[in-house]
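First comes the structure, then the notes that go with it.
The values are calculated or read from the model by the stated rules, or taken from the named source; none is laboratory data. Treat the numbers as computed from the prediction; the structure is a model and nothing was measured. Reconstructed Cβ throughout: ideal geometry from the backbone, glycine too, with neighbour counts over all protein chains shown. Heads up: the accessible areas ignore ligands, DNA and RNA and are worked out on the full protein's heavy atoms, side chains in. Shrake-Rupley method; radii C 1.70, N 1.55, O 1.52, S 1.80 Å.
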Amino acid sequence: MSSVLTETTAGAGSSSGVVVNDFSLQVATANGSGSQTANSVLMRSIFQMGVPVSGKNLFPSNIQGLPTWFTIRASRHGYIGRKREIDVLVCMNPETAEEDVREARAGTHVVYEKKLGLENPGKKRDDVTYYPVPFAELVVKITAAPEHAKLRKLIVNMIYVGVVADLMGIDPAESEIAIAKQLKGKKKAIDLNVSAVKLGLDYAAANFPVKIPYRVERMDATKGKIIVEGNAAAALGCVFAGATVCAWYPITPSSSLCESFIDFCDDLRVDPATGKKNVAVIQAEDEIASIGMVLGAGWAGARAFTSTSGPGISLMSEIIGLGYYTEIPAVIFDVQRVGPSTGLPTRTMQGDILLCYFNSHGDAKHPVLFPASPEECFSMAGEAFDLAERLQTPVFVLTDLDLGMNNWMSDAFPYPTAPLDRGKVLDAAAIEKVKDTWGRYKDVDGDAIPYRTLPGTNSPAGAFFTRGSGHNEKAQYSEKAVDYVNNVDRLSRKFDTARTLVPKPEIQDRPGAVAGVLAYGTSHYGTAEGRDKLAAEFGVPLDYCRLRALPVGPETAAWIRRHERIYVVEQNRDSQLVTILRDEFPEIAARFVPIRQYNGLPLDATTVVEGVLSDRKTSGKKG
């Protein structure tokens with residue numbers, strides 16, 4: 001038995017030098033080398049051992065050849081955000097291997113292709129531990145047959161799964177189960193990949209008697225959970241929310257949302273009597289056309305949505321303004337990526353907050369929802385459609401590349417039980433009762449939300465003209481100043497009504513805290529972990545508000561007002577949410593302290609800890 005395995009039995013603490021179920025493992029490969037299957041198997045093997053885990057794929061926008069990094073975060077404490085510090089590094093890409101090692105922290109354990117010579121004079125670091133493996137030689141042993149020649153660059157990845165499994169204590173049986181799941185019953189492929197894993201296991205067992213001190217041991221923290229991407233969860237949410245129209249134009253990182261919707265509809269939206277699908281999915285010629293189709297469908301009474309990213313929102317802006325002013329329901333998913341312009345299309349960011357909140361020219365504001373998990377991608381899809389119809393307006397759902405395209409551990413989604421909220425819709429019988437007083441844009445109930453009719457309503461009194469130009473409360477053309485002011489003031493009051501309807505924040509208070517931290521979307525994970533570190537290691541208790549939507553509702557406003565300092569964590573350069581909050585709360589604007597990360601990588605806890613401690617040092621705040 002190796003010395004590490006002997007120490008592992010002593011417990012989970014780090015005093016023995018062994019750390020159990022708490023590490024960050026990064027695999028560096030070249031894009032297009034077929035490493036995705038191996039990385040998924042590695043992550044699923046740990047997940048199946050009951051250890052909380054997440055996987056983040058950092059890939060280039062080019063199709064093939066450029067560097068790719070896949071990072072697995074495992075945490076017995078349940079922290080699944082990105083960890084800035086890498087503990088175990090697997091170097092398979094000759095283009096980045098030296099840089100990857102050079103940037104690694106002291107104490108990192110490096111598994112690498114032996115022929116890269118990372119331990120040669122001039123390259124070797126004395127403060128990291130190396131595990132050289134002749135991957136290129138080993139793979140030939142199981143792919144010597146001529147028909148396997150093209151498979152070598154794919155199969156070689158599965159060998160590092162075996163090497164890491166031996167070095168870190170991952171159960172090989174779980175890797176076999178993960179391979180079978182990944183390859184979906186393709187026996188020849190399964191057998192070949194299992195052989196590759198065994199090859200890596202045997203090599204590591206024979207050549208590395210001292211194992212990596214970051215160990216994987218069985219837990220019971222993933223029972224009943226699934227691994228899913230946020231885009232797939234949002235797509236399923238659209239199906240359950242009754243969406244019948246999807247109009248879209250492909251763009252990274254949002255495309256897989258609509259592609260997943262298509263796949264789900266193939267199974268779930270087929271009329272059993274006719275065998276025909278009862279859903280319309282249109283890949284439009286561009287983003288402008290797609291949002292136009294969505295508004296057209298929403299005007300006709302269908303639940304319709306599109307999915308895009310920042311550049312797509314820019315193109316859609318004029319039509320979104322039409323939806324706002326003509327008061328047509330629509331749901332718009334913005335899976336954010338790094339901008340401006342093309343920016344870094346395969347990196348994550350929260351840089352579209354202002355773009356969406358104030359979208360279009362003139363005076364316009366829109367409800368914006370911030371899901372932080374696959375569960376919320378699913379549930380907020382339904383809430384977005386209900387809100388859009390209740391408020392008769394476009395509603396944004398802002399996720400990001402990290403949530404949309406990466407692998408997240410999730411509880412099973414709850415089956416929706418509440419009926420769909422179609423809002424204020426008058427049928428023929430209802431319009432007959434109010435036909436003399438009804439106006440399409442008239443505020444009858446004092447909440448600034450008017451009543452609408454749908455095309456085909458069998459009553460002449462229900463007809464109206466929909467126009468983006470000036471109109472009065474009866475939808476008649478008007479350029480009168482008083483009509484315009486009355487209309488946009490009502491729209492402003494309707495936005496205030498939205499404050500009471502959008503998802504409420506998640507609030508957690510701690511005894512003794514006089515300051516708080518506020519975050520949204522995927523910034524939640526680094527913020528929650530950083531907040532725990534600040535309390536445990538630095539004696540800094542902070543209350544927490546996870547904002548789940550804009551506009552700010554009464555619960556969030558009350559939480560903000562009772563804190564003397566509010567750290568606002570977000571992933572953009574210009575503190576976009578802080579800008580909105582300072583506009584909403586001008587009398588306490590100085591209390592908001594931005595903590596930002598905008599390098600395209602998912603937020604890590606260290607950024608939050610450093611940001612809070614730096615502010616406390618410069619401001620002199622204590623307690």
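Among the chymotrypsin sites (Phe, Trp or Tyr not before Pro) in the stretch 424-478, those located in a DSSP loop and surrounded by at most 15 other Cβ atoms within 10 Å of their own Cβ are Phe465.
In the stretch 188-265, the portion of solvent-accessible area held by carbon and sulfur atoms comes to 58 percent [1.4 Å probe, whole percent, DNA, RNA and ligands not counted]. If you take the Cα centroid of the stretch 473-497 and the Cα centroid of the stretch 354-431, the two points sit 25 Å apart.
For the stretch 281-387, what is the convex hull volume of its Cα atoms per residue in Å³?
Given the Cα convex hull of the stretch 281-387, per-residue volume reads 107 Å³.
Suppose we keep just the DSSP beta bridges with both residues in the chain; what percent of those would be antiparallel, to 5? Bridges in the chain that DSSP calls antiparallel: roughly 35 percent. Computed per residue of the chain from DSSP H runs no shorter than four, each worth -39500 (n - 2.57), the mean residue ellipticity at 222 nm is -12000 deg cm²/dmol. For the stretch 246-326, the list of trypsin sites (Lys or Arg not before Pro) that fall in a loop by DSSP and count at most 10 other C-beta atoms within 10 angstrom reads Lys276. If a/c stays under 1.5 just call it rounded; otherwise compare a/b with b/c (prolate if a/b is bigger, oblate if not). Do that for the stretch 177-242, with a ≥ b ≥ c from the square roots of the Cα gyration tensor eigenvalues. Here the stretch 177-242 falls in the oblate category. Shape verdict for the stretch 349-421, please, from the Cα gyration tensor: rounded (a/c under 1.5), prolate (a/b greater than b/c) or oblate. Oblate, because a/c is 1.5 or more while a/b does not exceed b/c. For the stretch 538-555 and the stretch 295-311, compute the distance between their C-alpha centroids and round to whole Å. After rounding, the separation between the Cα centres reads 31 Å.
The listed residues Lys188, Lys474 rank as Lys188, Lys474 when sorted by accessible area, largest first, using a 1.4 Å probe.
Among bridges DSSP assigns within the stretch 477-556, what percent are antiparallel (round to 5)?
Around 40 percent antiparallel, to the nearest 5.
Give, as ranges by residue number, the residues of the stretch 402-432 whose backbone N falls under 17 Å from the point 7 Å along Cα→Cβ of Lys442. Only 424-432 fall inside the zone, counting backbone N under 17 Å. Take the Cα of Thr252, step 7 Å along the line toward its Cβ, and report every residue of the stretch 326-346 whose backbone nitrogen sits under 17 Å from that point. Only 335-346 pass the distance filter. By definition, a body whose alpha carbon gyration tensor gives a ≥ b ≥ c is oblate when a/c is 1.5 or more and a/b is not larger than b/c, and the stretch 29-114 fits this oblate description. Over what distance in Å are the Cα centres of the stretch 103-170 and the stretch 77-101 separated? Answer, in whole Å: 14.
Sparse packing (at most 15 other Cβ atoms within 10 Å of the Cβ) combined with a DSSP loop state is found for the following trypsin sites (Lys or Arg not before Pro) in the stretch 518-615: Arg562, Arg573.
Per residue, the chain exposes 41 Å² of solvent-accessible protein surface, assessed with a 1.4 angstrom probe and all protein chains in place.
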